[in-house]
Amino acid sequence: MTDIENTDPELAQLYTDFAAENLNPLWTQLGDLMPMVPTSKAVPFVWKWSTLYPLAQRAGDLVPVGRGGERRAIALANPGLGGVPYVTPTLWAAIQYLGPRETAPEHRHSQNAFRFVVEGEGVWTVVNGDPVAMRRGDFLLTPGWAFHGHHNETDRPMAWIDGLDIPFVRYTDTGFFEFGADGVTDESTPDISRSERLWAHPGLRPLIGLDARTSSPIACYRWEHTDRALSEQLALEDEGHAATVEPGHAAVRYTNPTTGGDVMPTIRAEFHRLRPSAATRTRQDVGSTVFQVFEGEGRFRLGEHTHDVAKGDMIVVPSWVPWSLETDAGIDLFAFSDAPIVERLHFHRTHISEGA
């Protein structure tokens, strides 16, 4: 209680009556409800791949996959969010581990999902009956309400990261879930999925699909195309042409060919490459971003702290936290964010410092 409340019994009784009727006066909580700048409860954090992957291996030995377990996915729980399995207030991230010859049965849900493969191959994800090969560097989509399951056709385990909009869907009470087949509906192992054969030709769009789709119809964005695009940006920069977002910093955004916008209505995905000795400027963004180091090493500055990062490490940048990155040997990073939500609501704002 304030001093006034302590000395004014009528005011103290007013607050007691507010509480009894489940009411809260704005004047006692304005700073929490309307802060001067975004103040996320999520905190900047780094998960080391050298820790994540051995734990996933242990889970593979001890925890079965299938109905009941459904998925052997281990969520990253942001230390600032009170133990809930969310990497940010809007995003969910996990490492998923599938053992040799295992099958994760099909299901579907309202939540939008993707996979990104930092190492390994030999698993196919089957999305609405379309088998899609998963390989190192591939970015794979599972739009909301698409049936999907995974099967490993090798004698080796494989792990990848999952990203979903689970916290946002849960907060808005918009989630549905449904079990599918006990296995997968197509166990074939084609090199290229049907969706890629139809849609994944640069600059070309089939006339059969001229309607705008909420999520991209491309099931997988292959590493060879991402790698080539980044390499050409840096090559053009070497030739004196404007091709990079900053000196030595190449970047691409995965897009929906039917709209030109983001691949999913709630998730943006990008890939960044910094050449040796490059550094980004310090920036702050409304909305949260998660990075995974695909290759190389660097130093991530998050607020007042600097973290050494290497292959597989995952980094979360909550809303409006200043961040920057520098590298001596070069670094590649996959990134995903809640930018489509923030921008659609017209809450987006970015501040970029002039210095590094």
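The values are calculated or read from the model by the stated rules, or taken from the named source; none is laboratory data. This structure is a prediction, so every number in the text was calculated from the model and none was measured. Using ideal geometry, Cβ is built from the backbone for each residue, glycine included, and neighbour counts are taken over all protein chains shown. Quick note on the areas: whole protein, heavy atoms, side chains included, nothing else; ligands and nucleic acids left out. Shrake-Rupley method; radii C 1.70, N 1.55, O 1.52, S 1.80 Å.
Evaluate the stretch 109-129: report whether one residue or more is closer than 17 Å to Thr266 by Cβ, open to solvent by 10 Å² or more (accessible area, probe 1.4 Å) and out of contact with any Ser or Thr (no Cβ under 8 Å at 6 or more places or on another chain).
Among the residues of the stretch 109-129, at least one is closer than 17 Å to Thr266 by Cβ, open to solvent by 10 Å² or more (accessible area, probe 1.4 Å) and out of contact with any Ser or Thr (no Cβ under 8 Å at 6 or more places or on another chain), which makes the answer yes.
What are the pairs with Cβ atoms under 8 angstrom where one residue, in the stretch 250-264, is of a type in the set (Phe, Trp, Tyr) and the other, located anywhere, is in a loop (DSSP other than H, G, I, E, B) and open to solvent by less than 20 Å² (accessible area, probe 1.4 Å)? Sequence gap at least six, or different chains.
Cβ pairs passing all conditions: Tyr254/Ser216; Tyr254/Val263.
Given (1) under 30 Å from Asp162 (Cβ atoms); (2) surrounded by 10 or more Cβ atoms within 10 Å (Cβ to Cβ), where does Leu14 come up short, assuming only one miss?
So Leu14 meets the others, but not (1).
Checking Arg228 against (1) among the charged types (D, E, K, R); (2) assigned to a loop (DSSP other than H, G, I, E, B); (3) at pLDDT 95 or above: exactly one of these is not met. Which one?
(2)
Picking from Arg156, Arg135, Arg101, which residue would you name as being among the basic types (Lys, Arg), closer than 26 Å to Val46 by Cα and in contact (Cβ under 8 Å) with a residue 12 or more places away in the chain?
Details: Arg156 fails: closer than 26 Å to Val46 by Cα; Arg101 fails: closer than 26 Å to Val46 by Cα.
Selected residue: Arg135, the only one of Arg156, Arg135, Arg101 that is among the basic types (Lys, Arg), closer than 26 Å to Val46 by Cα and in contact (Cβ under 8 Å) with a residue 12 or more places away in the chain.
Which members of the stretch 86-100 meet the condition of being more than 19 Å from Tyr53 (Cα to Cα) and either of a type outside the set (S, T, N, Q) or open to solvent by less than 20 Å² (accessible area, probe 1.4 Å) (or both)?
Residues satisfying the conditions are Thr88, Pro89, Leu91.
Hey, can you tell me all the residues within the stretch 199-234 that are closer than 23 Å to Pro265 by Cα, touching a residue at least 60 places away in the same chain (Cβ under 8 Å) and open to solvent by less than 50 Å² (accessible area, probe 1.4 Å)?
Answer for the stretch 199-234, where residues must be closer than 23 Å to Pro265 by Cα, touching a residue at least 60 places away in the same chain (Cβ under 8 Å) and open to solvent by less than 50 Å² (accessible area, probe 1.4 Å): Ser215, Ser216, Ile218, Ala219, Cys220, Tyr221, Arg222, Trp223, Thr226.
List pairs: first residue in the stretch 333-356 and modelled with pLDDT under 95, second residue part of a strand (DSSP E or B) and surrounded by 13 or more Cβ atoms within 10 Å (Cβ to Cβ) anywhere in the structure, Cβ distance under 9 angstrom, at least six positions apart or on different chains.
Ser353/Arg283; Ser353/Gln284; Ser353/Ser324; Ala356/Ala279; Ala356/Ser324; Ala356/Glu326
Just one of Ala251, Ala219, Ala243, Ala235 is at pLDDT 95 or above, within 23 Å of the chain's Cα centre (by Cα) and farther than 24 Å from Glu343 by Cβ; which is it?
On the way: Ala251 fails: farther than 24 Å from Glu343 by Cβ; Ala243 fails: within 23 Å of the chain's Cα centre (by Cα); Ala235 fails: within 23 Å of the chain's Cα centre (by Cα).
Among Ala251, Ala219, Ala243, Ala235, only Ala219 is at pLDDT 95 or above, within 23 Å of the chain's Cα centre (by Cα) and farther than 24 Å from Glu343 by Cβ.
Could you figure out which of (1) under 14 Å from the mean Cα position of the chain (by Cα); (2) under 30 Å from Ala229 (Cβ atoms) isn't true of Tyr86?
(2)
Restricting the stretch 54-80 to residues that are touching a residue at least 60 places away in the same chain (Cβ under 8 Å) and over 16 Å from Asn152 (Cβ atoms), which is surrounded by the most Cβ atoms within 10 Å (Cβ to Cβ)?
Asn78
Of all residues in the stretch 220-251, count the ones that are within 25 Å of Glu121 (Cβ to Cβ) and polar (S, T, N, Q).
2
Look through Thr306, Thr289, Thr350, Thr327 and report the one residue that is in contact with an Asp or Glu (Cβ under 6 Å, 6 or more places away or on another chain) and of a type in the set (Val, Ile, Thr).
Details: Thr306 fails: in contact with an Asp or Glu (Cβ under 6 Å, 6 or more places away or on another chain); Thr289 fails: in contact with an Asp or Glu (Cβ under 6 Å, 6 or more places away or on another chain); Thr327 fails: in contact with an Asp or Glu (Cβ under 6 Å, 6 or more places away or on another chain).
Every option except Thr350 fails the conditions.
State the number of residues belonging to the stretch 21-44 that are open to solvent by less than 100 Å² (accessible area, probe 1.4 Å) and not in a loop (DSSP other than H, G, I, E, B). Even if it seems obvious, please write down each step before you answer.
Keep residues of the stretch 21-44 that are open to solvent by less than 100 Å² (accessible area, probe 1.4 Å), which gives 23, 25-26, 28-31, 35, 37-40, 42-44.
Still in the list and also not in a loop (DSSP other than H, G, I, E, B): 26, 28, 30-31.
Matching residues across the stretch 21-44 total 4.
Being of a type outside the set (A, V, I, L, M), open to solvent by less than 20 Å² (accessible area, probe 1.4 Å) and in a strand (DSSP E or B) narrows it down to one residue among Pro167, Pro105; which is it?
Pro105
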